[in-house]
Amino acid sequence: MDEPIAASRSSSRDAAAAPLYGLVLAGGRSTRMQRDKAALEYSGRAQLERALELLSPLLERVFVSVRPDQTRDPLRARFAQIVDSGEVEGPIAGIIAAQSRHPEAAWLVLACDLPLLDRETLEHLLRSRRPQRQATAYRSSHDGLPEPLCAIYEPSSGKAIRDYIASGRDCPRKFLINADTALLDQPEPGALDNVNTPDEYGSVRHRLHSSQAGPPAAHRIQIQYYALLREQAGRSAESLVTTAGTPRELYEELRRRYPFSLAPEMLRVAVNSEFAEWGRRLSDGDSVVFIPPVAGG
C-alpha cells in the first residue's frame, strides 16, 4: 500500500507540520448543471468516487463534505462525512465544518467537479505545501487568482476564516487573496477546470473519450482576432491546424502561444458567423472568431 505522501514528504520538510486530511466538497446544489454534479459519470465512475480515489492513497484520512439533507444520499453515504453546520452556505461551509471537527489538522480541500484533475497535480501540491503559511494554493491558469478548491488550509487559517465569515463574506477565493497564501503554478494548466453546465459536461466527456480512443484528428480552423486580442496576437487572422475539439480548447491552445490576458468568461465566440457555445464541436474548415468586450454603448 502506498505510504501517504503528505506524511512522508511534508513532515520531512517541517517536523512541526500538522497532520493533513482530505475533504472532498460534495454539498453544492448544482443549480447550473440541473442535476447532482457529484453523481456525474466519466468513464463509468461518478465524479465523487473518482475524487476520493485520487485523494485516499495520498492522505491519512479523507472525508466528504455534505449538507445536512444529503447524509443519506446513497452515493455520499458510502463515505466518511463531515456535515455543514448551516451557519453559512457554499464551499466555505465545508471548510469551517472540517476545521471545527478536527482543528488540529490541515485540510486539502478539493471540489468534486474536477474531471481533468490528475494525481501528479495533487502530488505536486503536497510536495509544495508550506505549513508555516495559512494556505497553499495554485494560481488559476485562466486569471492568475488563487484556486480555493484544490488547496491546503493550515490550522492557522481557522480563526482567520471565521473572522472573514463574521464580517459577512463567504468567498474562499477572496479569502485566499487576502490571506498568507503560498501560490504555485499549475504543472498541468487545465487540470483544475471544473464543470458547471450540461454543455461543459458534454464537452469534457467527449474530450476524455477521445483521449482514451487515441490521438485526436487534426483539422484546419480559420481564426479571426479583434481589438485587444488582435494586438496581443500581432495579427488579425490566421489559419491553424489543430487537434482542439471545441472553441474552449482552441482558445486555451492559443493562450499558450500568445499573451492573451482575457479569460474565456470575458469573451464571446462565434463559429461560422453564428454565436456558439464554448463546448461546440469544431470541424475541419470552421471559421472561429473570439469577440472581446467592446467599450461604449
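General remarks:
- Residue within the range 162-170 that is assigned by TED's automatic domain parsing to the domain that holds Asp36, crowded, with 16+ Cβ neighbours inside 10 Å and touching a strand residue (DSSP E or B) at 6+ places or on another chain (Cβ under 8 Å) present: no
- Among the residues making up the range 70-114, those that are part of a loop (DSSP other than H, G, I, E, B) and hydroxyl-bearing (Ser, Thr, Tyr) are Thr71, Ser85.
Condition check ((1) modelled with pLDDT under 95; (2) part of a loop (DSSP other than H, G, I, E, B); (3) surrounded by fewer than 23 Cβ atoms within 10 Å (Cβ to Cβ); (4) assigned by TED's automatic domain parsing to the domain that holds Leu20) across all residues:
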position	(1), (2), (3), (4)
Leu116	yes, yes, yes, yes
Thr121	no, no, yes, yes
His124	no, no, yes, yes
Pro131	no, yes, yes, yes
Ala137	no, no, no, yes
Ser141	yes, yes, yes, yes
Gly144	yes, yes, yes, yes
Ala151	no, no, no, yes
Gly158	no, no, yes, yes
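- Residue match in the range 27-49 (condition: in contact (Cβ under 8 Å) with a residue 24 or more places away in the chain, over 26 Å from Pro198 (Cβ atoms) and buried (at least 20 other Cβ atoms within 10 Å of the Cβ)): no
- Candidate set from the range 277-296 (those that are closer than 17 Å to Asp199 by Cβ and modelled with pLDDT under 90); member that is surrounded by the fewest Cβ atoms within 10 Å (Cβ to Cβ): Arg281
- Test: Arg257 is buried (at least 18 other Cβ atoms within 10 Å of the Cβ) and touching a helix residue (DSSP H, G or I) at 6+ places or on another chain (Cβ under 9 Å): no
- Residue, farthest from Trp107 (Cα to Cα), within the range 139-154, restricted to residues that are touching a Phe, Trp or Tyr at 6+ places or on another chain (Cβ under 9 Å) and not acidic (Asp, Glu): Pro146
The values are calculated or read from the model by the stated rules, or taken from the named source; none is laboratory data. Note that the structure is predicted; figures quoted are calculated from it, not measured. All Cβ positions, glycine included, derive from the backbone under ideal geometry; neighbour counts span all protein chains shown.
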